[in-house]
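Undergrad: Structure incoming, see below.
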Ligand code: GLV
Ligand code: MG
């Protein structure tokens, strides 16, 4: 898996020492991860390691071994089951000491905070601001469902009996608000039924629609679905670029210095430009090319 991840069209690869690794295999996992990071081949992807959470006995050794052994080839530490800002501060202090000790640039390694229980969620604003290292807030649906006693075993799908909307809406929105308020990335967690790509698309589509920046993939087959769902549709991307060009033109002296104009059947103004910037940024990041051009009126 560590090897296969090198060739995937994913923006990030995260290597796990937490829940996907059996307790007796954790020392070996640390070594495999350090060796894989140092061997390279993940260039262009955010290289992240998920350590165990602070309520276990493993976190300090995970961080020390991975950052001492491969800190130069590592971009982020993912801290799962974060419950308080202090837990983020503790990780920040530990990473800082290791960076100083081994001569790494202090502060370069980021933190991805995974929100997986009620306490973490109600503290998410403080968690997001706990350290300048925090780059990303992640929703961990499986642990979260367990932690709030949700009566379901199917991650991401609606709990049977809940027929009045999306049972995850509040959680997703809460995380998204913290991420946007403090300029962090918001990432949705795993979809476990790895053969059900339609299910993946459906669930990913909800967080993508709200404004999340991405979602985990557990299997290579989910990569293309994730990239598709989090990219704008071609006509939306084209429309966004058109709005930007049109607004640029109409607000200029040449275009009449107007702040609100008609573009086709739609009135556009400064707020339209801001919405278009969001969609266009997602399209550009996905490497899309526009298929229409704006032509100023003759
Ligand atoms: C991921 O860690 C999850 O609990 O969903
Ligand atoms: Mg989890």
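We did not get these values from a lab; they are worked out from the coordinates using the rules stated. Just so it is clear, the structure is predicted and the values come from calculations on it, not from any experiment. We place every Cβ from the backbone using ideal geometry, glycine too, and count neighbours over all the protein chains shown.
Undergrad: Of 24, 138, 109, which is the most mobile in a GNM of the chain whose springs link Cα atoms less than 10 angstrom apart?
TA: Per the Cα network of the chain with a 10 Å cutoff, 24 tops the list.
Undergrad: Now for a separate question. Given N residues in the range 148-203, what is Rg(Cα) / (2.2 N^0.38 Å)?
TA: On the way: Rg = 13.0 Å, N = 56, 2.2 N^0.38 = 10.2 Å.
Taking the Cα Rg and dividing by 2.2 N^0.38 Å, one obtains 1.28.
Undergrad: Return the single residue from 49, 154, 106 with maximal mean-square fluctuation; model: Gaussian network over the chain, springs between Cα atoms under 10 Å.
TA: Looking only at 49, 154, 106, the largest GNM fluctuation is found for 106.
Undergrad: With an 8 Å cut-off on Cα pairs and a minimum separation of 6 or more residues, tell me the relative contact order of the chain in percent. All intermediate terms of the calculation are to be shown ahead of the outcome.
TA: Values: 450 pairs, mean separation 32.0, N = 298.
RCO, the chain: 11 percent.
Undergrad: If one takes the longest principal axis of the Cα atoms in the chain, at what angle in degrees, from 0 to 90 and to the nearest 10, does the Cα axis of helix 59-70 lie?
TA: Tilt of helix 59-70: around 70 degrees.
Undergrad: If packing is taken as the average number of other Cβ atoms within 10 Å across a peptide's residues, how do 259-268, 39-48 rank, most packed first?
TA: 39-48, 259-268
Undergrad: Return an integer: the convex hull volume of the alpha-carbon atoms of the chain, in Å³ per residue.
TA: About 163 Å³ per residue, rounded to a whole number.
Undergrad: Can you pull the three principal axis extents for the Cα set of the range 50-201, in Å, largest first?
TA: Rounded to whole Å, the extents work out to 55, 33, 28 Å.
Undergrad: Here's another thing I want to ask about it. Based only on Cα atoms, what Rg/Rh ratio does the range 220-274 have, Rh being taken as Kirkwood's radius?
TA: With Rg and the Kirkwood Rh in hand, the quotient comes to 1.21.
Undergrad: Taking Cα atoms, how many degrees apart are the long axis of helix 234-251 and the longest axis of the chain, rounded to 10 and kept between 0 and 90?
TA: 60
Undergrad: A follow-up question, please. Helix 197-210 against the longest principal axis of the chain: what's the angle in degrees, Cα atoms only, rounded to the nearest 10?
TA: 70
Undergrad: So what's the Cα pair-distance distribution over the range 1-119, bin width 10 Å, in %?
TA: 14, 48, 34, 5
Undergrad: Shifting gears a bit: With runs of 4+ DSSP H residues as the only contributors, calculate the mean residue ellipticity of the chain at 222 nm using -39,500 (n - 2.57) per run, divided by the residue total and rounded to the nearest 500.
TA: So the helix-based figure for the chain works out to -14000 deg cm²/dmol.
Undergrad: Provide, as a two-decimal number, the C-alpha radius of gyration of the range 131-284 over 2.2 N^0.38 Å, N being how many residues it has.
TA: The range 131-284 yields a ratio of 1.27.
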